[in-house]
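Chemist: Below are the structure tokens for one structure; questions will follow.
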Amino acid sequence: MEDEIKKLLEENLKLTGEIHKMVKSIKSYMFWQNVWSFLKILIIVVPIVIGIIYLPPLLKGVFQQYKSLLGGGDGLNLESGSGNPLESLLKGSGGMVPAELEKYLPR
């Protein structure tokens with residue numbers, strides 16, 4: 001009976017050692033997965049933040065160039081701070097009087 005218990009304990013110890021090795025490798029795998037997921041998030045977020053910070057001053061010059069090409073920019077008001085340049089286009093009628101606009105409305 002004692003030999004049987006001793007044999008079972010040795011087998012249990014051997015299996016516990018194998019389980020410990022597996023848990024160690026799984027723990028290492030999970031650590032590297034966390035590192036890579038953090039890096040992926042950084043790869044996505046950092047360029048967006050940099051774009052938000054540095055692109056508006058660069059694009060302002062580009063919009064001013066196009067504004068001068070399109071006839072002084074009477075339609076687009078980019079420096080007014082309204083937020084949406086299309087909003088300023090939609091507010092105006094494009095130089096048409098209401099009678100001319102009524103021709104194009106569905107009846």
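Each value in this text was obtained by applying a stated rule to the coordinates, not by laboratory testing. Treat the numbers as computed from the prediction; the structure is a model and nothing was measured. Using ideal geometry, Cβ is built from the backbone for each residue, glycine included, and neighbour counts are taken over all protein chains shown.
Chemist: What is the magnitude of the charge dipole of region 1-55 about its Cα centre, with +1 placed on the Cβ of each Lys and Arg, -1 on the Cβ of each Asp and Glu, and no other charges, expressed in debye to the nearest 20?
Modeler: Values: 7 positive and 6 negative charges, 93 e Å.
So the magnitude is around 440 debye.
Chemist: May I ask you to list the lysines whose Cα is less than 19 Å away from that of Lys24, ignoring any residue fewer than eight positions away on the same chain?
Modeler: Lys14
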